[in-house]
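Here is the structure we will look at, set down as structure tokens.
The values are calculated or read from the model by the stated rules, or taken from the named source; none is laboratory data. Quantities reported herein were computed from a predicted structural model and do not represent experimental measurements. Here the Cβ positions follow ideal geometry from the backbone for every residue, glycine too, while neighbour counts run over all protein chains shown. Heads up: the accessible areas ignore ligands, DNA and RNA and are worked out on the full protein's heavy atoms, side chains in. Shrake-Rupley method; radii C 1.70, N 1.55, O 1.52, S 1.80 Å.
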Amino acid sequence: MDRFYIDGAWVAPAGTDTIPVEDPTHETIIDHVPAGTAEDVDRAVAAARRAFPAWSAADPAERAAHLDKLHTVLAGQTDAIARTIARELGTPLKVATAVQAGLPLTVLRSYADLAAHPLPEETVGNSTVVREPIGVVGAITPWNYPLHQVVAKLAPALAAGCTVVLKPSEITPLVAYLLFDAIDAAGLPPGVVNLVTGHGPVVGEAIAAHPDVDMVSFTGSTGVGARISHLAADRIARVALELGGKSANVILADADLTKAVKVGVGNAFLNSGQTCTAWTRMLVHRSRYEDAVALAAATAAGYTLGDPFAEGTRLGPLSSQNQKNRVRGYVERGLAEGARLAAGGLDASVPDRGHFVAPTVLADVLPDATVAQEEIFGPVLSIIPFEDDDDAVTIANNSRYGLAGGVWSGDEERALRVARRMRTGQVDINGGRFNPLAPFGGYKSSGLGRELGAHGLHEFLETKAIQR
Ligand code: NAD
């Protein structure tokens, strides 16, 4: 790849530097993308600014028709999307097809529908309250769900009437090129969406600090989210942040243990554990604790590591050597702080080539241990016992994060009481399935604002009161 998409066309970057893209399974370089500069960002923001008046004033039905067309074109690329992400990230092809390709298509579809039905104007006394698009949006995304995280910003922003400059992750940038080919083929008006690839501290910071970017929507680590907030604060630009997590899966004494543990392990290990909502802390009532540890260890041992394209592979590699080193460091730290190794670990066998870490279960983890507090972003599950429902809530909320969680109980009302006390943006009871229309986002250091559904669209709107 040697181009950016700016003002409705594939264009040459201002500079000549490039970034290699690695296949983490074979540890080979499969492509390069341009390392953008502040000059490229200026050009993209200027195009988005020029496109804003017409796009924001367009009939909502017209914007909906554009999103509908984009959905149709992109849906025809499902297989290519899944294969690209399996290659650049290492997600097993089956999961890549269902989640990495399937979910963003569902989300895009939902915004084609929502765009056609804008919020009705509200009357408050002598005021008419209207909602208007906020302006030019800078979107900065990570590598773990590289198409979904882009679509979860771009689709609602466009539906709301905003224009966008996107910087995808430099680790998995290839799928964004498929998306922008689809945008080109769908005939979105020039400048409405623009793509600049590059390094975070260069292109990301240029977007976050740009005087003509009205809002920055970021998904990634909490540290970078804070940095972006500081940059945006200088001009009081709005910021939406989807950050890290350390979610608790609370298994009460009366739960269906087998189901709770199996689903819980599956959740923690999805995408090799590189999922911000992953239930990485399994909290189990003391009376069922040893059974849960044995079940979790057996379940983890059933996760076959391997090539994402091979039939039967359930876990691929981690995204990079850095990530692998980081995750192994956490396993070492967990054991040093007194955890018991129930499955996996540093000596377990993994493929010779590729950034693999064996699915690992740590038991007897203390609630304040490093592995119970910090986001690991790998296939590492910590199991913690609790005494009663109050204790479970205290341990679950003993975290700087608050993104997701689960509760399991034979009594749904009891589970609901626990769920209501958890300080997180989402909680699933007894495996309640993911709802792509429900608000998604975090409490505390997990973020600011909500994505998906109508709530996600409202993030990109300003509110005006007109008195008469
Ligand atoms: P990251 O924060 O390093 O990078 C995310 C994006 O920010 C990348 O595009 C990167 O180039 C860019 N960036 C890096 N430094 C920057 C800077 N100084 N200024 C502006 N942009 C900069 O995160 P990552 O390693 O790509 O992703 C993993 C992290 O993302 C995990 O912590 C994970 O929990 C979090 N995450 C959160 C969610 C969510 O929805 N809450 C979803 C996925 C990932």
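Size of the dipole of the chain about the Cα centre, Lys and Arg at +1 and Asp and Glu at -1 on the beta carbon, nothing else charged, in debye to 20?
Dipole size: approximately 440 debye.
Using the charge dipole of the range 248-436 (Lys, Arg: +1 at Cβ; Asp, Glu: -1 at Cβ; taken about the Cα centre), state which of 358, 284, 297 has its Cα farthest towards the positive end.
Of the candidates, 358 comes out farthest on the positive side.
Considering only DSSP beta bridges with both partners in the range 52-176, what is the antiparallel share in %, to the nearest 5?
40 percent
State the Cα centre-to-centre distance between the range 19-49 and the range 361-423 in whole Å.
38 Å
Where the centre of each part is set by its Cα atoms, how far does the range 294-316 sit from the range 60-75, in angstrom?
Taking the Cα centre of each part, the range 294-316 and the range 60-75 sit 38 Å apart.
Which of 425, 162, 209 sits closest to the plus end of the dipole of the chain, meaning its Cα is farthest towards the positive end, when Lys and Arg get +1 and Asp and Glu get -1 on the C-beta?
425
Per residue, how much accessible area does the chain show when a 1.4 Å probe rolls over the protein heavy atoms, in square angstrom?
Using a 1.4 Å probe on heavy atoms only, each residue of the chain averages 39 Å².
So, taking all protein chains as they sit and a 1.4 Å probe, how much accessible area belongs to residue 236, in Å² rounded to tens?
150 Å²
How much net charge surrounds residue 333 when only the other residues with a Cβ under 14 Å from the Cβ of residue 333 are counted, with Lys and Arg +1 and Asp and Glu -1?
-3
Among 4, 346, 57, whose Cα sits farthest toward the positive end of the charge dipole of the chain (+1 at Cβ of Lys/Arg, -1 at Cβ of Asp/Glu, about the Cα centre)?
Checked the options; the winner is 57.
Taking amide H positions as placed 1.01 Å from N in the peptide plane, with prolines and chain starts having none, which residues 5 or more places from residue 384, or on another chain, fall under 5 Å of its amide H?
Placed amide hydrogens put 282, 283, 284 under 5 Å from residue 384.
Show me the three semi-axes of the equivalent ellipsoid for the chain, from the C-alpha gyration tensor (sqrt of 5 times each eigenvalue), largest first, rounded to whole Å.
38, 27, 19
When a/c reaches 1.5 or more, the comparison of a/b and b/c decides; with that in mind, is the range 1-146 rounded, prolate or oblate per its Cα gyration tensor?
Oblate is the answer for the range 1-146, as a/c is 1.5 or above yet b/c matches or exceeds a/b.
Given a 1.4 angstrom probe, I'd like the percentage of the accessible area of the range 317-403 that is carbon and sulfur, rounded to a whole number.
The nonpolar share, carbon plus sulfur, comes to 44 percent.
Specify the inter-centroid distance of the range 251-266 and the range 82-154, based on alpha-carbon positions, in whole Å.
31 Å
Going Cα to Cα from residue 69, which lysines come in below 27 Å? Please leave out same-chain ones fewer than 8 positions away.
Within reach: 94, 153, 167.
Leaving out same-chain residues fewer than 8 places away, which lysines sit with a Cα under 19 Å from that of residue 246?
Hits, sequence-local ones excluded: 262, 324, 444.
Run the dipole for the range 248-436 about the Cα centre, Lys and Arg Cβ at +1, Asp and Glu Cβ at -1, nothing else charged, and hand back the magnitude in debye, nearest 20.
500 debye
Provide the percentage of antiparallel DSSP beta bridges, counting only those with both residues in the range 248-436; round to the nearest 5.
Antiparallel bridges make up about 15 percent of those DSSP assigns within the range 248-436.
Looking only at the chain, where both bridge partners belong to it, what percent of the DSSP beta bridges are antiparallel (to the nearest 5)?
Antiparallel bridges: around 45 percent, rounded to the nearest 5.
Sum up the charges of everything whose Cβ sits under 14 Å from the Cβ of residue 393, counting Lys and Arg as +1 and Asp and Glu as -1, but leave residue 393 out.
Net of charged neighbours comes to +1.
Quick one: accessible surface of residue 387, probe radius 1.4 Å, all protein chains present, in square angstrom to the nearest 10.
100 Å²
Can you give the local net charge around residue 439? Use residues other than it whose beta-carbon is closer than 9 angstrom to its beta-carbon, Lys and Arg +1, Asp and Glu -1.
Net charge in that neighbourhood comes out at 0.
Order 421-428, 404-411 from most to least packed using the mean count of other Cβ atoms within 10 Å.
The packing order, highest mean first, is 404-411, 421-428.
Given the -39500 (n - 2.57) contribution per DSSP H run of 4+ residues, what per-residue ellipticity at 222 nm results for the chain, rounded to the nearest 500 deg cm²/dmol?
Mean residue ellipticity at 222 nm (helix-derived): -11500 deg cm²/dmol.
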